[in-house]
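Below is one structure; the comments refer to it alone.
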Amino acid sequence: MAKPEYETHEHDVIVIGAGGAGLCAAIAAAEAGVSVGLICKSLLGKAHTVMAEGGIAAAMGNVWPEDNWQVHFRDTMRGGKMLNNWRMAQLHAQEAPDRVLELERFGALFDRTKDGLISQRDFGGHRYARLAHVGDRTGLEMIRTLQYHAIHQGIDVYMECKVERLIKDGDRVTGAFGYWRNTGQFVLFKAKAVVLATGGIGKAWKITSNSWEYTGDGHSAALWAGADLIDMEFVQFHPTGMVWPPSVRGILVTESVRGDGGTLKNKDGERFMFNYIPEFFKGETADNIDEAERWYADKKNNRRTPDLLPRDEVARAINSEVKARRGSPHGGVFLDIFSRRSPDYIRKRLPSMYHQFKELANVDITKEPMEVGPTCHYVMGGVRVEADSTAATVQGLYAAGEVAGGMHGSNRLGGNSLSDLLVFGRRAGMHAALYAKNFGGQLVADSGQVESIARTMLEPFNRSGGENPYAIQADLQETMQTLVGIIRNEAELKEALKRIEVLKERAKKVRVEGGRVYNPGWHVALDLASLLTVAECSALAALERKESRGGHTRDDHPYADDEWGKLNVVLRMRDGRVWVSREPLPEMPPELKVLFQERK
Amino acid sequence: MQTFTMQVFRGQGRQGDFREYKVIADEGMVVLDVIHRIQATQAPDLACRWNCKAGKCGSCSAEVNGKPRLMCMTRMDTFPPGETISVAPIRTFPLIRDLVTDVSYNYVKAKQVPPLRLKPPDPDGKYRMMQEDVDRPQEFHKCIECFLCQDVCHVIRDHEELKPAFSGPRFFIKAAGLDMHPLDTQDRTEWIRSQGGIGLCNITKCCTEVCPEHIHITDNGIIPMKERMADNFDPVVWLLRKFRGGRKEPA
């Protein structure tokens, strides 16, 4: 067989992924004076960040002066059921306000307070109104601002370019190999440091708010390169996705609807969330409607409405209501803001929700309730990183944003994702640049490795028989949806793993029609490898953790277990298979532990 | 459930033609769902761009029955039963394959718009902006860069020779948003004239009509910008220039 051809680009730092984290990393690395390549699977500005709606959590204290990083840190840790990497949560809470202000200096126009400062809105699990926002299109503002800032920083942008594998020289990562979607031609990036900012894995589930891009590329590439993954059992099912019509099932309905006064109701009109307040959050959650209603205006003397419990709690509650046949006609529950806020307020605060329901579901949310139900939204788990530097456990590799694990523990609070991207995206860029500057020896990318990857990538074209890649993807999504969903148990997880093995075999025989130019069938076929890997990782970790916590609920182990609360499930690949181990969490220093002892 | 006859453009480079597919559409389906169904069951290599499927990312622009639309926001039940529906790539940009076009022109133009240049902050180090001052530029920040306005712009569509000196409606509102930013101090006059080429726009409002975000591109963006250019117009300088034989910059 002829040697596969490929072009080569060389940079000090390459950043894979151009959502919020990737753009921040690229900007920070360029600022540090190194040469930067930014690689994105879609066109620039289309990454998943663009879909984020609610806002950026940051204790700026513009609306509630009582707010500060300690309160935000505490909320984040409690939201993650204390499984978070404490240092990441601390850095995040401390640095988020500065990052929001930096975004403003880059040109972002947030909604304002009466004093002309950045306005902040309520969200689940946050003690104070804390989310800097622009209506319900905060992610769009964020990615556009970063994108237009980045293009003036001398960064080389490689659009519609998909990275398949990382390249290693001995123990260190020295580049990445992939293909141009436009032409199907191969491309090698040689780099002293690689930042992964590839987002999540939600496309492994059937009902998801995630786009085609979210196939766990970074998670898998890191694992295959020998890096550790942690917390892969924790998958966030956002409580409110659209449920009707079928074609829009899973599309996100922002938590801002509840932050801005919307409430959840069952078919009897009951505000059922009052029946689902867990012991852990009793102290801070209103147990009656009157107090919950007073809370919107007076947070000092009232406890938060249970509509705004952390997402894992709300998703499980909705799941239970639907199972108990108290759901809405199409298998969700009702989300009502029309009876509680004026049409003008709704259109001003939630313009894209108004538009989305009107256009896609024929529902006017200023006149009638929405039907909503859980949708796979976010993976808490990811590449194990060193908190301050975002360095993975393999030299030369960094990870930020959803692809990194630890920051959110077992459950992420709404709004903490965008701030995570800003804080750790920047840190990843800075530290990758620093590492690149101190890089010793020659930058080597072994052509043997590269050619072998290229040959594997072309195999689907050369098979005569074989399966349609879309069918395998659909079967995997069905498997994960039914067997590794919101509620899990040992038998189902084992069954899922068995089916994933079968799917892996089928994927080896996948066949692609047509040529290499912009061929989505081929793209899906190639993405199957990473999608199957992350699905397996998630199921393996879920089988390992014999307790229920955050985004991992086992009906055969229904309670949180203190011993498990001290452990991460770690996955690593050795000799071609994934090994599972339990390792202790980093221990929080006493001065931070104090924050959890006081009754606030 | 209903069976639709779809005419989907298939081709690569300069060649291509419509091909017919029969597809069953479920309740609530949009054109993008139908395209995905064709991919999954009949033509796995059918090329199209998409991401969010909710009108937020601006990736799935196409011409549906000749009209520039987002495929993800075009419901199948808006077409009369029995009607054949055509889906073609946006016509203004060079074809890559099937429904995917080369939109790199827009990314070149994006880079040319002079960026924000900030005022110094207030004495306490903070920036303050009032909501009423932010409302106007926020309208332009809604842009999802679907490039449908660029697709229908007559200058870009029909005048290849003018493209180097014309940036199109997307970047007029980008510049307008920056100009209206309460903290901006950048002068974009020269850009608007030389690279923006706003003088070439004859306000037919086609861009505004196709904007899926309903941004008032012409009324709120282009016209005020044209008016500002006219305000900057100095008849004495104009006369001098005439006599000196078209020198660009006055002495």
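Listing for the model above:
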item	result
Of the criteria (1) basic (Lys, Arg); (2) out of contact with any helix residue (DSSP H, G or I) (no Cβ under 8 Å at 6 or more places or on another chain); (3) in a loop (DSSP other than H, G, I, E, B), which one residue A:87 fails	(3)
Residue count for the stretch B:210-224, restricted to those that are free of Cβ contacts under 8 Å to residues at least 60 places away in the same chain and either touching a His at 6+ places or on another chain (Cβ under 7 Å) or surrounded by 21 or more Cβ atoms within 10 Å (Cβ to Cβ) (or both)	2
Considering residues of the stretch A:103-125 that are over 25 Å from residue B:115 (Cα atoms) and buried (at least 22 other Cβ atoms within 10 Å of the Cβ) only, the residue farthest from the other protein chains (Cβ to nearest Cβ)	A:125
Flag for residue B:119 being of a type in the set (Lys, Arg), at the interface with chain A (Cβ under 9 Å from one of its Cβ atoms) and surrounded by fewer than 17 Cβ atoms within 10 Å (Cβ to Cβ)	no
Failed item, numbered, when residue A:204 is tested on (1) in contact with a helix residue (DSSP H, G or I) (Cβ under 6 Å, 6 or more places away or on another chain); (2) not assigned by TED's automatic domain parsing to the domain that holds residue A:395	(2)
Options A:259, A:218, A:241: the member that is within 13 Å of chain B (Cβ to nearest Cβ), under 26 Å from residue A:79 (Cα atoms), among the small types (Gly, Ala, Ser) and open to solvent by less than 10 Å² (accessible area, probe 1.4 Å)	A:241
Selection count, the stretch B:140-160, where residues are buried (at least 19 other Cβ atoms within 10 Å of the Cβ), out of contact with any Cys (no Cβ under 7 Å at 6 or more places or on another chain) and either facing chain A (nearest Cβ under 10 Å) or part of a loop (DSSP other than H, G, I, E, B) (or both)	7
Pair list, Cβ < 8 Å and 6+ apart or interchain, from the stretch A:441-454 residues that are over 19 Å from residue A:396 (Cβ atoms) to residues that are of a type in the set (D, E, K, R) and open to solvent by less than 30 Å² (accessible area, probe 1.4 Å)	none
Set A:384, A:341, A:347: member being within 14 Å of chain B (Cβ to nearest Cβ) and among the basic types (Lys, Arg)	A:347
Residue satisfying all of: in the stretch A:78-102; open to solvent by less than 20 Å² (accessible area, probe 1.4 Å), touching a strand residue (DSSP E or B) at 6+ places or on another chain (Cβ under 8 Å) and not β-branched (Val, Ile, Thr); farthest from the other protein chains (Cβ to nearest Cβ) among these	A:83
First in the stretch A:140-155 and more than 7 Å from every other protein chain (Cβ to nearest Cβ) and farther than 20 Å from residue B:213 by Cα, second anywhere and among the basic types (Lys, Arg) and surrounded by fewer than 23 Cβ atoms within 10 Å (Cβ to Cβ), Cβ under 9 Å, 6 or more apart	none
Residue within the stretch A:54-69 that is assigned to a loop (DSSP other than H, G, I, E, B) and within 11 Å of chain B (Cβ to nearest Cβ) present	yes
Test: residue in the stretch A:516-525 that is closer than 23 Å to residue A:571 by Cα and open to solvent by less than 20 Å² (accessible area, probe 1.4 Å)	no
Which listed residue, of A:251, A:289, is among the aliphatic types (A, V, I, L, M) and open to solvent by 50 Å² or more (accessible area, probe 1.4 Å)	A:289
Helices (runs of 4 or more DSSP H) (entirely within the stretch A:207-318) containing at least 1 residues that are out of contact with any Leu (no Cβ under 8 Å at 6 or more places or on another chain) and not assigned by TED's automatic domain parsing to the domain that holds residue A:398	A:289-295
Count of residues meeting criterion [at the interface with chain A (Cβ under 7 Å from one of its Cβ atoms), touching a residue at least 40 places away in the same chain (Cβ under 8 Å) and either of a type in the set (A, V, I, L, M) or outside any helix (DSSP H, G or I) (or both)] in the stretch B:28-44	3
Of the criteria (1) surrounded by 24 or more Cβ atoms within 10 Å (Cβ to Cβ); (2) within 14 Å of chain B (Cβ to nearest Cβ); (3) at pLDDT 95 or above, which one residue A:75 fails	(2)
Selection from the stretch B:122-137 of residues that are at the interface with chain A (Cβ under 7 Å from one of its Cβ atoms), touching a residue at least 12 places away in the same chain (Cβ under 8 Å) and assigned to a helix (DSSP H, G or I)	B:134, B:137
Residue list for the stretch A:471-521, filter: within 14 Å of another protein chain (Cβ to nearest Cβ), assigned to a loop (DSSP other than H, G, I, E, B) and in contact (Cβ under 8 Å) with a residue 12 or more places away in the chain	A:511, A:512, A:515, A:516, A:517, A:518, A:519
Complete set of residues in the stretch B:193-209 that are open to solvent by less than 30 Å² (accessible area, probe 1.4 Å) and under 21 Å from residue B:60 (Cα atoms)	B:207
Residue B:86 being surrounded by 13 or more Cβ atoms within 10 Å (Cβ to Cβ), within 19 Å of residue B:20 (Cα to Cα) and more than 7 Å from every other protein chain (Cβ to nearest Cβ)	yes
Evaluation of residue A:311 against (1) open to solvent by 10 Å² or more (accessible area, probe 1.4 Å); (2) of a type outside the set (Asp, Glu); (3) closer than 22 Å to residue A:353 by Cβ; (4) over 25 Å from the mean Cα position of the chain (by Cα) (one fails), failing number	(4)
Conditions (1) touching a Cys at 6+ places or on another chain (Cβ under 8 Å); (2) more than 14 Å from every other protein chain (Cβ to nearest Cβ): number failed by residue A:560	(1)
Residue match in the stretch A:378-399 (condition: out of contact with any helix residue (DSSP H, G or I) (no Cβ under 6 Å at 6 or more places or on another chain), assigned to a helix (DSSP H, G or I) and either within 25 Å of residue A:123 (Cβ to Cβ) or of a type in the set (Lys, Arg) (or both))	no
Answer from B:92, B:84 - the residue that is touching a helix residue (DSSP H, G or I) at 6+ places or on another chain (Cβ under 7 Å), polar (S, T, N, Q) and in the same structural domain as residue B:19 (by TED's automatic domain parsing)	B:92
Exclusive hit being open to solvent by 60 Å² or more (accessible area, probe 1.4 Å) and of a type in the set (Ser, Thr, Tyr), set B:78, B:101	B:78
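The values are calculated or read from the model by the stated rules, or taken from the named source; none is laboratory data. All of these numbers come straight from a predicted model, not from anything done at the bench. Cβ atoms come from the backbone with ideal geometry, glycine included; neighbour counts cover every protein chain shown. Side chains are part of the model used for accessible areas, which takes the heavy atoms of the whole protein and leaves out ligands, DNA and RNA. Shrake-Rupley method; radii C 1.70, N 1.55, O 1.52, S 1.80 Å.
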